[in-house]
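The values are calculated or read from the model by the stated rules, or taken from the named source; none is laboratory data. None of these values were measured; they are calculated from a predicted model. Glycine gets a Cβ as well: all are built from the backbone with ideal geometry, and neighbour counts include every protein chain shown. Heavy atoms of the whole protein, side chains included, go into the accessibility calculation; ligands, DNA and RNA do not. Shrake-Rupley method; radii C 1.70, N 1.55, O 1.52, S 1.80 Å.
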Amino acid sequence: MCGIFGIIDLKGRRSVPLSVLKRSADAMQHRGPDEDGYLQRPGVGFASRRLSIVGLSDGQQPMFNEDKSVSVVFNGEIYDHDDWRRDLTARGHTLKTHCDTEILPHMWEAHGEDMFEKLNGQFAVALFDERKQQFILARDRFGICPLYWTRTTRFGNDWLIFGSEIKTLLATGMIEPKPDRRGIDAVFNFLAVAGPFSCFDGINILQPGTFLKISRGRQGDAAAISEHAYWTMDFPDKGKEARGQDEKTLVNEFESVLYGAVKRRLRADVPVASYLSGGVDSSTVVAMASDILGAPPATFTVKIRDPKLDETEQAAVISRHLKADPTIVPCGSEEIVSNYQRLLVATEAPVTDTSCTALMLLAGKVHEKGFKVALTGEGSDEWFAGYPWYKIDRVLEWLGAISGGTIDAAIRKRFFAWLGCNKDAVAYLDRCAPSAGGAHPFQRFYDLLGASRFRFYSGDMLGELGDHDPYADFAPDLGRAERWHPINRAIYWAGRIHLPCQLLSLKGDRIAMSQSVEMRYPFLDNNVFDFVAGLDPNWKIKGLKEKYLVRRVAEKWLPKSVAWRPKGMFRAPLDGFFLQQRLPYVDELLSEASLKKTGYFDPEAVALWRTKYTELSSHFYQRSSMELGLVAVLATQLWHQTFIDSSLANLPDWHTLAGVERNPRDLAFAEQLPEAAAV
């Protein structure tokens with residue numbers, strides 16, 4: 001994996017100084033500590049930071065076609081690049097390196113905008129076709145690799161700036177960081193910033209499976225910018241899914257597809273390690289990798305210092321079975337609290353799920369041991385209905401069939417009462433439900449989160465958000481969604497929100513790459529999803545047994561006790577900020593003065609629930625909702641302190657923590673250089 005960055009003059013041809021490109025590239029040096037590379041053309045500058053994994057000696061970026069009219073900077077891996085290399089060579093293209101990046105400018109020549117749907121990999125790409133004066137920014141179909149972009153006229157010109165991280169955009173000095181309350185609201189609805197906007201005003205998240213097309217006209221003319229979806233998730237209509245009556249054949253077919261995905265992700269010119277949680281997903285990946293490699297890969301496991309959350313004993317069972325020698329990384333409240341601001345600097349967004357800190361420490365240990373790549377099992381829970389709320393929904397489905405739907409409605413009403421929702425919260429959750437395409441299991445989970453916004457938001461915050469509907473931001477095809485089985489409808493939202501925005505960002509790329517480690521996901525292989533999407537939902541959750549087909553494959557590779565072990569959510573302690581330590585910075589961030597300064601939250605409500613929520617130990621749902629809400633309040637305040645206004649608490653800002661210059665001397669380069677300056 002790498003980091004990419006660029007500045008495009010949309011109307012003129014002003015040169016971008018190398019100092020600006022270097023400063024922004026250095027702001028993401030962790031993404032590519034091995035080397036940097038730059039492209040300077042009239043009106044455009046590209047930069048890359050490289051983590052060398054494939055083509056170690058000849059993979060320097062940017063890369064070009066034969067006459068250098070098409071240039072590319074690239075973050076990610078193309079797992080079928082050898083196949084495309086042979087295809088391109090047969091078409092007459094000349095390729096000079098062993099690196100997967102090199103196929104991209106040639107793919108553009110051969111296939112144009114259709115190239116992205118053909119690639120099996122994880123990627124963020126920036127491409128410049130000099131002849132056409134056209135730029136393409138593209139992101140992989142599941143959103144593994146991040147890409148942000150913004151448009152600014154701060155210096156009286158029209159600039160588009162993009163990068164793998166928001167810090168690279170801010171490091172230019174061309175953008176004044178301001179909050180976007182819709183991004184913050186997403187944290188309280190979805191546990192993550194879901195896009196298409198970020199928490200920063202004007203900074204957009206390029207959505208998974210899309211590309212941005214920028215066409216420059218003659219000098220002085222406005223550029224045309226348009227966003228296009230090259231791939232979207234789809235499922236058969238309810239009742240028309242593939243039944244797969246022969247279970248043995250189906251198990252063997254899926255085993256072959258998954259084995260191929262693991263094999264592709266072991267292709268690298270450096271050793272590949274793996275995470276091992278003790279659950280069925282990562283354990284199956286490690287077992288298959290061991291078979292392919294002829295020996296187990298190096299494995300890494302988090303040990304949460306809480307007997308109720310610790311999974312190391314389960315992981316040890318797998319290690320003994322596969323004769324692996326795992327590295328154990330301990331983590332508890334102390335590590336979470338002391339590393340929390342570092343976590344937010346890496347993610348550039350409020351983080352409510354404190355287990356992200358544990359995974360950041362895990363990636364740090366992978367890097368410390370000399371590895372650049374690690375496999376993990378994300379995607380299995382999303383594609384195979386692996387979360388507890390699917391079981392709850394299945395029970396409600398059965399009860400609804402018996403009662404004609406009256407029991408489901410009654411339970412929903414009782415659920416809102418358990419959460420302590422007032423009438424405004426209930427009205428909000430009911431109003432947003434249709435935008436999700438109908439009731440589904442993930443909606444119930446998000447209701448648990450969404451209740452906190454009315455508990456903690458200030459009147460000004462609610463007023464600014466108005467009738468904002470976070471589901472509608474994704475512009476889902478409701479006509480299609482309503483025809484899907486509710487299980488597939490939930491899988492769609494898991495794949496649109498939970499997977500790219502939380503698991504692949506806050507628990508994946510952003511924290512792993514902060515430690516210079518690339519994560520690879522066999523369950524997110526194109527072929528795996530295509531196989532699973534068409535299946536009858538009963539192969540995903542059979543009765544109340546989630547991930548049924550995965551478990552049937554796993555029992556061929558693992559002890560049955562592991563293959564059929566109940567799902568365990570990977571969690572870390574939430575209450576360390578409030579119960580176990582009295583932290584000065586927490587009190588400063590949640591003080592009345594600081595809360596009034598940011599304006600997001602009601603100081604009286606925050607003070608009340610900081611005291612009161614410990615009394616809710618016998619009310620599981622209220623306690624869970626309250627803890628998540630309080631941590632989200634703290635995380636938002638800490639994010640604001642770090643990136644927007646460093647006067648809230650006695651803590652450093654992101655410039656200090658990331659080592660980025662505050663007021664660069666070349667800040668006004670766009671004004672100072674002659675209009676036609678060229679490199």
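Annotations for the structure displayed:
- From Ser24, Ser19, residue being polar (S, T, N, Q) and in contact with a Pro (Cβ under 8 Å, 6 or more places away or on another chain): Ser19
- Among the residues of region 255-283, just one is assigned to a helix (DSSP H, G or I), touching a strand residue (DSSP E or B) at 6+ places or on another chain (Cβ under 9 Å) and among the hydrophobic types (A, V, I, L, M, F, W, C), namely Val262.
- Here Val345 does not fit the description of being in contact with a Phe, Trp or Tyr (Cβ under 7 Å, 6 or more places away or on another chain) and modelled with pLDDT under 90.
- Within region 103-127, the residues that satisfy the criterion of being among the acidic types (Asp, Glu) and farther than 17 Å from Gln207 by Cβ are Glu109, Asp114.
- Residues (of a type in the set (Phe, Trp, Tyr) and either more than 26 Å from the chain's Cα centre (by Cα) or surrounded by fewer than 16 Cβ atoms within 10 Å (Cβ to Cβ) (or both)) located in region 74-105: Trp84
- Residue count for region 212-234 under the criterion of being open to solvent by 10 Å² or more (accessible area, probe 1.4 Å) and either of a type outside the set (Gly, Ala, Ser) or under 23 Å from Gln641 (Cβ atoms) (or both): the result is 13.
- Checking Pro350 against (1) crowded, with 23+ Cβ neighbours inside 10 Å; (2) more than 25 Å from Phe200 (Cβ to Cβ), the condition it does not meet: (2)
- Boolean, Val286 is closer than 30 Å to Cys99 by Cα, of a type outside the set (S, T, N, Q), open to solvent by less than 30 Å² (accessible area, probe 1.4 Å) and part of a helix (DSSP H, G or I): yes
- Of the helices (runs of 4 or more DSSP H) entirely within region 574-679, those holding at least 1 residues that are modelled with pLDDT under 80 and open to solvent by 10 Å² or more (accessible area, probe 1.4 Å) occupy 603-612, 620-643, 669-672.
- Among the residues of region 499-515, those identified as open to solvent by 10 Å² or more (accessible area, probe 1.4 Å) and either more than 14 Å from the chain's Cα centre (by Cα) or farther than 18 Å from Gln207 by Cβ (or both) are Lys507, Ser514, Gln515.
- Among the candidates Lys365, Lys303, the residue that is open to solvent by 20 Å² or more (accessible area, probe 1.4 Å), over 24 Å from Asp525 (Cα atoms) and assigned to a strand (DSSP E or B) is uniquely Lys303.
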